[in-house]
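The values are calculated or read from the model by the stated rules, or taken from the named source; none is laboratory data. Nothing here was measured: the structure is a model prediction, and the numbers come from that model. Note that each Cβ is placed from the backbone with ideal geometry, even for glycine, and that neighbours are counted across all protein chains shown. Accessible surface areas use protein heavy atoms only, side chains included; no ligands, DNA or RNA. Shrake-Rupley method; radii C 1.70, N 1.55, O 1.52, S 1.80 Å.
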Amino acid sequence: MTISEVELLAKVPTQLFIGGEWVDSTSGRAIDVHDPATGAVIMTIADASISDASRAMDAAADAQASWAATAPRVRGELLRRAFDLLQERADEFALLMTLEMGKPLAEARGEVTYGGEFLRWFSEEAVRISGRYGSNPEGTGRMIVTHKPVGPSYLITPWNFPLAMATRKIAPALAAGCTVIVKPAELTPLTTLYFVKLLEEVGLPKGVVNVLTTSTSKEVSAPIIADPRLRKLSFTGSTAVGVSLLKQAADNVLRTSMELGGNAPFLVFDDADLDKAVEGAMIAKFRNIGQACTAANRFIVHESVADAFASKLTERVKAMKIGRGTEEGVGIGPLINDGAVDKADELVQDAIARGATLVTGGSRVDGDGSFYQPTVLTEVVAGSDILREEIFGPVVTIVPFTDEADAVAKANDTQYGLVSYAFTQDLARGLRLVDSLDTGMLGLNVGVVSNAAAPFGGVKQSGIGREGGSEGIAEYLDTKYVLVPFA
Ligand code: ADP
């Protein structure tokens, strides 16, 4: 590690944050955090126990009433200060994400921008929580509709976007007047710890944000989710874990937001601008080394342009530099761990065994760290695992289609429905796709759709609820209706 890396890590808290204090875990255990580019342990942090979880729940519940009563402007301005301070520390947050997660530094900087925008957006939304007032249809009374914070919220985040997944949940919850317990992924907890230190510095009252880092997520989460004082569960992660959490949340009738898996189709029609489609494909596929629920998983390309698209894309893929994310010009950092490399490779080998053509890549990279070669597979055969499962790695799969109906049928042939991408210069076709694709989001002639001002989320098994936009704060608000007899 370089001196600046060591200096940065020295600033990151190693304890749990409960009731406004950094405290040791009572578990007697610790979590080692690794750099996936080298496999080396870069930090050792607290590993929360069930009793730590109970203290965090107490702290969030105790702080709820006063935080809900805090003026929206004050809540908004705290978030705005957090946004400003994040900008000042943008380089530090970017480096920290690259160290614990592996993404190239330029992408980590992009995530600081994206993640920060949730703080700015929801600082503005905090003061726009409104209601309505009117006559009932009978003319015998006045109806008042108002919105109240749902209450203490449990936020579980994944490892792939350590900052943005945290701010996308914390910012709307705080703006709405909810206190929170945040549980980052055990693989990448450092960014959340450093971010919560920043929230402490901007003056957030004690108990409003609490953080539990743990290697026993299931055991530590279950009593929180079952606690009657908890009112909301927001989760981003795999569909399998989401389903289990929804079942647990049902017993406590919690409000839930679930951002689950994806299997994004990327459609290229014969009337597409192929250069733009390749540009979009590079972002939709290789951002975060393919480790995004929004990553294009299946390239569904008109048969007349499939070869041209594949060869233009392959040229770009072959030019990608593999290496540690801190190195200049790297486009392919490590995958999160060796398990992720094994999974990507199994999917690739299954596809080849079923008849796909391997154009480039197709194997792990020898040496330290968890690297997989950027890979292009063409003529992928229907029924291959790789078309059904999330790849979460730098692998392009190309499937040809014959006409628009065939393209749409192939795109919709999945249990997921998070995001789709389509490249066509035909406006009427584009508008037909808005209707025919089963998807929560659509990038029309663009390879990335995320924006703090937009409602991010999926249909089918990709999830429930939306994050960002005006929809994002509604997830943390209950509706209260009042009737006053008045003629
Ligand atoms: P991924 O496949 O992206 O690692 P997971 O769904 O396994 O996604 O994990 C996403 C988040 O959910 C992480 O913070 C992880 O620690 C947490 N998690 C995993 N299993 C459980 C569980 N049974 N209960 C609560 N949290 C869990």
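Are any residues in region 262-277 crowded, with 24+ Cβ neighbours inside 10 Å and not polar (S, T, N, Q), and if so, which ones?
Taking region 262-277 and keeping what is crowded, with 24+ Cβ neighbours inside 10 Å, we get 262-268, 277.
GLY262, ALA264, PRO265, PHE266, LEU267, VAL268, ALA277, listed by residue number.
Could you tell me which residue of region 244-282 is nearest to PRO158 (Cα to Cα), considering only residues that are among the β-branched types (Val, Ile, Thr) and free of Cβ contacts under 8 Å to residues at least 40 places away in the same chain? Give the derivation first.
First, the residues of region 244-282 that are among the β-branched types (Val, Ile, Thr): 253, 256, 268, 278.
From what's left, free of Cβ contacts under 8 Å to residues at least 40 places away in the same chain: 253, 278.
Numbers: VAL253: 23, VAL278: 29 Å.
Residue satisfying both the conditions and the ranking: VAL253.
Given the condition among the small types (Gly, Ala, Ser) and open to solvent by 30 Å² or more (accessible area, probe 1.4 Å), answer yes or no: does some residue in region 423-437 qualify? Reasoning before the result, please.
Our first condition is that a residue be among the small types (Gly, Ala, Ser); within region 423-437, this holds for 428, 430, 436.
Those still in the list that are open to solvent by 30 Å² or more (accessible area, probe 1.4 Å) too: 428, 436.
The answer is yes, given that some residue of region 423-437 is among the small types (Gly, Ala, Ser) and open to solvent by 30 Å² or more (accessible area, probe 1.4 Å).
Condition (residue is touching a residue at least 40 places away in the same chain (Cβ under 8 Å) and within 28 Å of ASP32 (Cβ to Cβ)) applied to region 349-367: is it met by at least one residue?
Our first condition is that a residue be touching a residue at least 40 places away in the same chain (Cβ under 8 Å); within region 349-367, this holds for 351, 356, 359-361, 365.
Those still in the list that are within 28 Å of ASP32 (Cβ to Cβ) too: 365.
Yes, there is a match, as at least one residue in region 349-367 is touching a residue at least 40 places away in the same chain (Cβ under 8 Å) and within 28 Å of ASP32 (Cβ to Cβ).
Please go through region 56-94 and give me each residue that is of a type in the set (A, V, I, L, M, F, W, C), within 30 Å of GLU327 (Cα to Cα) and touching a Gly at 6+ places or on another chain (Cβ under 9 Å), ordered by number.
Listed by number, the residues that qualify are ALA82, PHE83, LEU86, ALA90, PHE93, ALA94.
Which residue, of LEU335, LEU387, LEU377, is under 25 Å from GLU100 (Cα atoms), touching a Ser or Thr at 6+ places or on another chain (Cβ under 7 Å) and not small (Gly, Ala, Ser)? Before you say what the answer is, go through the steps one by one.
Working: LEU387 fails: under 25 Å from GLU100 (Cα atoms); LEU377 fails: under 25 Å from GLU100 (Cα atoms).
The conditions single out LEU335.
Out of the residues in region 179-204 that are within 19 Å of TYR476 (Cα to Cα) and over 19 Å from the mean Cα position of the chain (by Cα), which is farthest from the ligand (Cβ to nearest atom)?
Applying the filter and picking the extreme gives LEU204.
ILE170 versus (1) within 15 Å of the ligand (Cβ to nearest atom); (2) touching a residue at least 60 places away in the same chain (Cβ under 8 Å): which is the lone unmet condition?
The number of the failed condition is (2).
For residues that are of a type in the set (S, T, N, Q) and in contact with a strand residue (DSSP E or B) (Cβ under 7 Å, 6 or more places away or on another chain), scanning just region 143-162, find the one that is farthest from THR179 (Cα to Cα). If you could, list the steps in order and put the result at the bottom.
First pass over region 143-162, keeping only residues of a type in the set (S, T, N, Q): 146, 153, 157, 160.
Subsequent filtering for residues that are in contact with a strand residue (DSSP E or B) (Cβ under 7 Å, 6 or more places away or on another chain) retains 146, 153, 157.
Working: THR146: 20, SER153: 6, THR157: 16 Å.
Once the filter is applied, the top-ranked residue is THR146.
In the set ALA94, ALA65, which member is in the same structural domain as VAL209 (by TED's automatic domain parsing), closer than 30 Å to PRO223 by Cβ and free of Cβ contacts under 8 Å to residues at least 40 places away in the same chain?
Numbers: ALA94 fails: closer than 30 Å to PRO223 by Cβ.
After applying the criteria, what remains is ALA65.
What about THR70, is it in contact (Cβ under 8 Å) with a residue 24 or more places away in the chain and over 30 Å from GLU125 (Cβ atoms)? Show your work before the answer.
Working: in contact (Cβ under 8 Å) with a residue 24 or more places away in the chain: yes; over 30 Å from GLU125 (Cβ atoms): no.
In short, no.
Matching residues to (1) surrounded by 24 or more Cβ atoms within 10 Å (Cβ to Cβ); (2) assigned by TED's automatic domain parsing to the domain that holds LEU105; (3) under 25 Å from ILE336 (Cα atoms):
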{"residue": "PRO172", "(1), (2), (3)": "yes, yes, no"}
{"residue": "ALA176", "(1), (2), (3)": "yes, yes, no"}
{"residue": "GLU186", "(1), (2), (3)": "no, yes, yes"}
{"residue": "PRO189", "(1), (2), (3)": "yes, yes, yes"}
{"residue": "VAL202", "(1), (2), (3)": "no, yes, no"}
{"residue": "PRO205", "(1), (2), (3)": "no, yes, no"}
{"residue": "VAL209", "(1), (2), (3)": "yes, yes, no"}
{"residue": "SER217", "(1), (2), (3)": "no, yes, yes"}
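Test of understanding: among GLU219, GLU279, which residue is charged (D, E, K, R) and near the ligand (Cβ under 10 Å from one of its atoms)?
Values: GLU279 fails: near the ligand (Cβ under 10 Å from one of its atoms).
Only one candidate passes the filter, namely GLU219.
Within region 252-259, is even one residue in a helix (DSSP H, G or I) and under 20 Å from ARG466 (Cα atoms)?
Within region 252-259, the subset in a helix (DSSP H, G or I) is none.
Scanning region 252-259, I find no residue that is in a helix (DSSP H, G or I) and under 20 Å from ARG466 (Cα atoms), so the answer is no.
Report, ordered by the first and then the second residue, all pairs with beta carbons closer than 8 Å, sequence separation of six or more or different chains, a first member in region 370-398 that is in the same structural domain as PRO104 (by TED's automatic domain parsing) and buried (at least 23 other Cβ atoms within 10 Å of the Cβ), and a second member that is part of a loop (DSSP other than H, G, I, E, B) and of a type in the set (D, E, K, R).
From residues that are in the same structural domain as PRO104 (by TED's automatic domain parsing) and buried (at least 23 other Cβ atoms within 10 Å of the Cβ), there are no pairs.
Hey, among the residues in region 399-420 that are polar (S, T, N, Q) and open to solvent by 10 Å² or more (accessible area, probe 1.4 Å), which one's nearest to GLY237 (Cα to Cα)? It would help to see each step written out before you state the result.
Initial filter on region 399-420 (polar (S, T, N, Q)): 402, 412, 414-415, 420.
So of that shortlist, the ones also open to solvent by 10 Å² or more (accessible area, probe 1.4 Å) come out as 402, 412, 414-415.
On the way: THR402: 34, ASN412: 21, THR414: 18, GLN415: 16 Å.
Applying the filter and picking the extreme gives GLN415.
Filter region 39-57 down to residues that are over 14 Å from VAL220 (Cα atoms) and open to solvent by 60 Å² or more (accessible area, probe 1.4 Å), then give me how many there are. Let's see the steps before the verdict.
Residues of region 39-57 that are over 14 Å from VAL220 (Cα atoms), as a first pass: 39-45.
Going one step further and asking which of them are open to solvent by 60 Å² or more (accessible area, probe 1.4 Å), we end up with 41, 44.
Selection size over region 39-57: 2.
I'd like the full set of residues that are within 14 Å of the ligand (Cβ to nearest atom), hydrophobic (A, V, I, L, M, F, W, C), open to solvent by 10 Å² or more (accessible area, probe 1.4 Å) and within 27 Å of ALA63 (Cα to Cα), limited to region 134-164.
Within region 134-164, just ILE156 meets the criteria.
Scan region 367-382 for residues that are part of a loop (DSSP other than H, G, I, E, B) and not aliphatic (A, V, I, L, M) and jot them down. Can you show your working first?
In the first step, residues of region 367-382 are kept if they are part of a loop (DSSP other than H, G, I, E, B); the result is 367-371, 373-374, 379-382.
Across region 367-382, the qualifying residues are GLY367, ASP368, GLY369, SER370, PHE371, GLN373, PRO374, GLU379.
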